[in-house]
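The values are calculated or read from the model by the stated rules, or taken from the named source; none is laboratory data. This is a predicted model, so every value here is computed, not measured. Quick reminder, even Gly has a Cβ in these numbers, built from the backbone with ideal geometry, and neighbours come from all protein chains shown.
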Amino acid sequence: MQHAAHELPPEVLRYLMPSRYCEVDLLAPIALDLFGNTEPGWPRVEAICKWVHERVSFSYATARPTRGALDVFTERVGVCRDFQHLAITFCRCLNIPARYAAGYLGDIGVPAAPYPMDFSAWFEVYLGGRWWSCDARHNARRIGRVLMATGLDATDAAITTTFGAATLTHFEVTSDAVPDSLAVSA
């Protein structure tokens, strides 16, 4: 269920606002044109994820730190964070609170990717009184997400922040499914 703005908890309202990479004010007319006639709530979020997934191409080679949602919409290319920024922006334009999430996403339950595991971005929407994970890049249910940070956008949830020149010399992440025999029950 999508909440009316006046029904949202005060701490959730900030996730309707524009931010550094999510130009809600600039993309609102486009979001309304594309998704204004979809059923509010989860069906609208699914339509947004599908649209972004099908129209934006993934490319490490084109990554840049200054790409905002409007750039993603016009260029139709980006990395995982760019997919999420565009989807977050469309959600916020339509009064669905959305926040950026960053962490690790392994290849558990899906065919292994031919490249090393990397940081990953996804987003969360506030519907029915709680946050739900969504992923406009993969647009498929995935298991094994390791959440490290959430925020308005990648500015709030950067995996690393450097001051001055920095060179990454090594990076490796491994995640494995825990066998049922070792899983902890809640």
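Considering the range 79-135, the residues that are in contact (Cβ under 8 Å) with a residue 12 or more places away in the chain and among the basic types (Lys, Arg) include one that is surrounded by the most Cβ atoms within 10 Å (Cβ to Cβ), namely ARG92. For SER120, state whether it is part of a strand (DSSP E or B), closer than 20 Å to TRP51 by Cβ, among the polar types (S, T, N, Q) and within 10 Å of the chain's Cα centre (by Cα). When the stated conditions are applied, SER120 does not pass them. With respect to being surrounded by fewer than 19 Cβ atoms within 10 Å (Cβ to Cβ), within 25 Å of VAL146 (Cβ to Cβ), free of Cβ contacts under 8 Å to residues at least 24 places away in the same chain and of a type outside the set (D, E, K, R), TYR60 fits the description. Scanning the range 1-52 for residues that are under 22 Å from ASN139 (Cβ atoms) and free of Cβ contacts under 8 Å to residues at least 12 places away in the same chain yields ASP33, ASN37, THR38, GLU39, PRO43, GLU46.
Scanning the range 80-117 for residues that are modelled with pLDDT under 95 and in a loop (DSSP other than H, G, I, E, B) returns GLY106, ASP107, ILE108, GLY109, VAL110, PRO111, ALA112, ALA113, PRO114, TYR115, PRO116, MET117.
Among what's in the range 68-78 and is farther than 16 Å from TRP122 by Cα and touching a residue at least 40 places away in the same chain (Cβ under 8 Å), pick the residue that is surrounded by the fewest Cβ atoms within 10 Å (Cβ to Cβ). Out of the qualifying residues, it is LEU70.
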